[in-house]
Amino acid sequence: MRVTDSMRYLDVRRNLTRIQRENAKAAETASTGLRVTKPSDDPIASAELARLRASLSTASTQRQVAQTAQSDADLAESTLAQATELLGRARELAMQGSNDSLSADDRSALANETRSIRTQLLGLANARGAKGYLFSGSLTSTAAFDSNGLFQGDDVAQSVDVGGSTPTEVSASGAMAFTAAGGRDLFADLDSLANALGADNRAGAAAALDNLDQNQRQITNERSRIGLIANKLESSGNLLSQLDLDLNKRQTGVGAADPFEAYSKMTSLGQSLERAITVSRQMLDGNNAWQR
Amino acid sequence: MAASLTQLLNTARDSLSAQTYGLGVTGQNLANVNTPGYVRREALLETRALGTQTTGSVVANGIRRVTDEFLERRQFESTGLNSAASEHDSRLESLEALFNDVSGTGLGNSLDNLYNSFTQLSANPADPTTRRNVLAAADAFAERSRDTATVIAQSRTDLLKDAQSTTTQINESARAIARLNSQILAAEAQGGDAADLKDQRKQVMLGLASLVDVRTIASGSGIVVQASGTTLVDGVEARQLSIDLDSDGKMRVFAARNDEATPTEVTKFLTGGKLAGIKEARDVDLFETAKKLDEFVFDVATSINQQHQLGFGTDGVDGRDLFDVNTVDAARTVRVSVDVFNRPEAIAASGSATTLPGGSDNAVALSRLSTAPVVFGNSRTAAQSYGDLVGDVGQRKSAAEKMLESREAIAAQLDAMNEAMSGVSLDEEFVNLTKFQRAYEASARVLTTADQLLQELIQRV
């Protein structure tokens, strides 16, 4: 085949362009650390990466939600713990008040303390968390109890989406803890204790004692229920952290370049380029019949 | 004797003239070594018989363009295919960029953010900031969808304009070829060889080959050029191609025939050249991607709407849509619904009117749509089908790149083969130069010798 000069020039140009293009691509891979920078680099991997990004994003938000719900649940639990303590004190007052040897004045003092405990418990029952009143059920913008101790909330459980097959119920139930829906009405019982003590009614105080026992059991039940919810949210959060790690690992596996391979490819292509330039120079200086 | 010597003089004279002709042809080749499309010339030297004499001389009988018609035809074909692949590949680059979510602001990201906003809503349904976040995420998704679809539609419009200007160029080239055909015929009729005109014609043909697929047939009245399956140039007559759109908005190519009033459609014969690349990109890849995008956005928005309608805003009203979306051009027209626009209290987080504002069950249901198969006939989840879209676009571009690589290689090979046949080699011309120079010197020597002999003879007489 005849070889003409313009063929030689074309060859030189084409080869240099090709090697430079490959060199640039290798440098990009080495510097970004990514094997797949656009969908055409690897279509199947790109589809997988798109799905992984969605999953990572979902898992991250669900983790946040789990943390927020968990802190509300923890708050509800510690509030109920405090309520239990206060109720313990109220029981002591009831026990003292049912003692025969007390005077009317003594009982009156006990009545005042009882009323003060009632006020504190009312404050606890109206505690607020991240999303509103903790014990109002779904009516989170309304205080759970009014000043008369009437329940203003509902008993509908709230759920959040933290992954898994079913949504997680996360709310504390003020109705179950403090009202007759769970057994006895706490504030009504405290009222009757205070009234009995104030009226120097020893028998009334003794009767209130049993009621307060039941109240305490109610609150304790609700406390352990919400404690379990807090634990469940914590382990959901841990699972989501683990899921995040796994997904990240998979993302790296699919889309990242092997750094050693990338670097050595870049080096060897750089050498190829140098060689190509040397050879090209020789070809262009070239031996032809015109040099004499 | 004298007659022989005079004959010798004539022989020398003819030789000088012929060798000079050869030098001229060599000089022309050397001058045009870098001219694109130049086909090297060969001087044709033949022996001239002088009547019935036994000795004659040499005559330069014109030049030969050293070219191979078959190779040329293959070069036209490979140029056309290469050009189509190159156009197709470059048009898909911008399509690919639309679906590249690496920067975190793509359509897929905005959809993730929307589902995440529902998840956050389930945690705190009464919070106005969380609700406004839902509206913002919905708006961002609608906007990204509109932007993506608009870019695709705009690309298709631009491609149609490109196709029209390419067609104009094709028609101009056809006219130029017809003109050159008639000029070549005239020159040959006058006894010339029209080599330069033929070179020019080849260049115009190569240009035309990069615009549309061409096939050439030699005929009595110059060459016949067929493009896209129909005759574009018939000897000295040029015909026209034109473009219009069918009811789906796809391009159609028409060829005007002289005897008929209505042009004929030749779209399915279009196989090469820039025009074919444009058609492939516009009416196959961009068209199908736009349809898939529309279906994706429509299915996602409708599934969200259906769930949203079941829930209640904090104002106790249900039955609202979150998006306004049409069945036609869904991706380009989707918006946040007027029912909820700028009204955070209208976001339906609660499943019942009695559990306000803390009810979160509808928000949970909305959030769970991210893993529900609601797209493409309820067969794929949103994330899966978005991944499918990305993979599909990547596949198209990757296939186009590979096609371009292989066609580029073939075109390069055919260019090299044509160049090997018709290109000027400096070394070869150097030898030719020396060859004609030596022959000229020798003939000059013959002339001198004949002259001396004649003088000798004259002196004697």
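Observations
- If the condition is being aliphatic (A, V, I, L, M), surrounded by fewer than 13 Cβ atoms within 10 Å (Cβ to Cβ) and in a helix (DSSP H, G or I), then the stretch B:432-461 contributes B:Leu457, B:Ile458.
- Exactly one residue among B:Ser210, B:Ser228 is surrounded by 20 or more Cβ atoms within 10 Å (Cβ to Cβ), in contact with a Phe, Trp or Tyr (Cβ under 8 Å, 6 or more places away or on another chain) and either of a type outside the set (Phe, Trp, Tyr) or more than 30 Å from B:Phe287 (Cβ to Cβ) (or both), and that residue is B:Ser228.
- For beta carbons closer than 7 Å, sequence separation of 6+ or different chains, a first residue in the stretch A:102-119 that is closer than 13 Å to A:Ala90 by Cα and a second that is polar (S, T, N, Q) and modelled with pLDDT of 90 or more, there are no qualifying pairs.
- One residue from B:Phe141, B:Phe118 being within 14 Å of chain A (Cβ to nearest Cβ), at pLDDT 95 or above, in contact with a Ser or Thr (Cβ under 9 Å, 6 or more places away or on another chain) and over 30 Å from A:Tyr133 (Cβ atoms): B:Phe141
- Hey, B:Val375 buried (at least 18 other Cβ atoms within 10 Å of the Cβ) and more than 8 Å from chain A (Cβ to nearest Cβ) or not: yes
- Candidates B:Arg335, B:Arg407, B:Arg396: the one that is of a type in the set (Lys, Arg) and within 23 Å of B:Phe323 (Cβ to Cβ) is B:Arg335.
- A:Ser173 meets each of the listed conditions (1) touching a helix residue (DSSP H, G or I) at 6+ places or on another chain (Cβ under 7 Å); (2) surrounded by fewer than 19 Cβ atoms within 10 Å (Cβ to Cβ); (3) within 14 Å of chain B (Cβ to nearest Cβ) apart from (2).
- Annotation note: of A:Leu243, A:Leu212, the sole residue that is on the phi < 0 side of the Ramachandran plot, within 14 Å of chain B (Cβ to nearest Cβ) and in contact with a helix residue (DSSP H, G or I) (Cβ under 8 Å, 6 or more places away or on another chain) is A:Leu243.
- Meets criteria (surrounded by fewer than 17 Cβ atoms within 10 Å (Cβ to Cβ) and either within 10 Å of chain B (Cβ to nearest Cβ) or assigned to a helix (DSSP H, G or I) (or both)) for A:Glu28: yes
- Residue list for the stretch B:13-34, filter: among the β-branched types (Val, Ile, Thr) and under 34 Å from the mean Cα position of the chain (by Cα): B:Val33
- Of the residues contained in the stretch A:121-130, one or more are found to be away from chain B (no Cβ under 14 Å) and in a loop (DSSP other than H, G, I, E, B).
- Of all residues in the stretch B:180-224, those satisfying the criterion of being in contact with a strand residue (DSSP E or B) (Cβ under 7 Å, 6 or more places away or on another chain), charged (D, E, K, R) and under 26 Å from B:Leu44 (Cβ atoms) are B:Asp193, B:Lys198.
- Applying the set (1) closer than 30 Å to B:Gly272 by Cα; (2) surrounded by 15 or more Cβ atoms within 10 Å (Cβ to Cβ); (3) not assigned by TED's automatic domain parsing to the domain that holds B:Leu197 to B:Asp14 leaves exactly one unmet item: (1).
- The requirement of being within 14 Å of another protein chain (Cβ to nearest Cβ) and acidic (Asp, Glu) is satisfied by B:Asp127.
- Scanning the stretch A:160-194 for residues being in a loop (DSSP other than H, G, I, E, B) and among the aliphatic types (A, V, I, L, M) gives a total of 3.
- Cross-chain or 6+ apart pairs with Cβ under 8 Å, the stretch B:429-441 first and within 14 Å of chain A (Cβ to nearest Cβ), then in a helix (DSSP H, G or I) and hydrophobic (A, V, I, L, M, F, W, C): B:Glu429/B:Leu30; B:Leu433/B:Leu23; B:Leu433/B:Leu30; B:Gln437/B:Leu23
- Cβ-Cβ contacts under 7 Å between residues 6 or more apart (or on different chains), taken from a first residue in the stretch B:5-27 that is touching a residue at least 40 places away in the same chain (Cβ under 8 Å) to a second residue that is assigned to a helix (DSSP H, G or I) and of a type in the set (Asp, Glu), are listed as B:Thr26/B:Glu429.
- Counting only residues that are in contact (Cβ under 8 Å) with a residue 40 or more places away in the chain and assigned to a helix (DSSP H, G or I), the stretch B:81-111 holds 20 of them.
- For the stretch B:295-327, residues that are assigned to a helix (DSSP H, G or I) and either of a type in the set (A, V, I, L, M, F, W, C) or buried (at least 23 other Cβ atoms within 10 Å of the Cβ) (or both) total 8.
- Flag if A:Ala230 is in a helix (DSSP H, G or I), among the hydrophobic types (A, V, I, L, M, F, W, C) and more than 16 Å from A:Ser78 (Cβ to Cβ): no
- Selection count where residues are loosely packed, with under 11 Cβ neighbours inside 10 Å and over 22 Å from A:Pro39 (Cα atoms), scope the stretch A:246-267: 1
- Taken together, the residues in the stretch B:353-367 that are surrounded by fewer than 18 Cβ atoms within 10 Å (Cβ to Cβ) and within 8 Å of chain A (Cβ to nearest Cβ) amount to 1.
- Count of residues meeting criterion [more than 30 Å from A:Ser241 (Cα to Cα), surrounded by 20 or more Cβ atoms within 10 Å (Cβ to Cβ) and facing chain B (nearest Cβ under 9 Å)] in the stretch A:131-152: 2
- Scanning the stretch A:97-107 for residues that are out of contact with any helix residue (DSSP H, G or I) (no Cβ under 6 Å at 6 or more places or on another chain) and not in a loop (DSSP other than H, G, I, E, B) yields A:Ala104, A:Asp105, A:Asp106.
The values are calculated or read from the model by the stated rules, or taken from the named source; none is laboratory data. As the structure is a computational prediction, the values presented were derived from the model and not from experiment. All Cβ positions, even for glycine, are placed from backbone atoms using ideal geometry, and neighbour counts span all protein chains on display.
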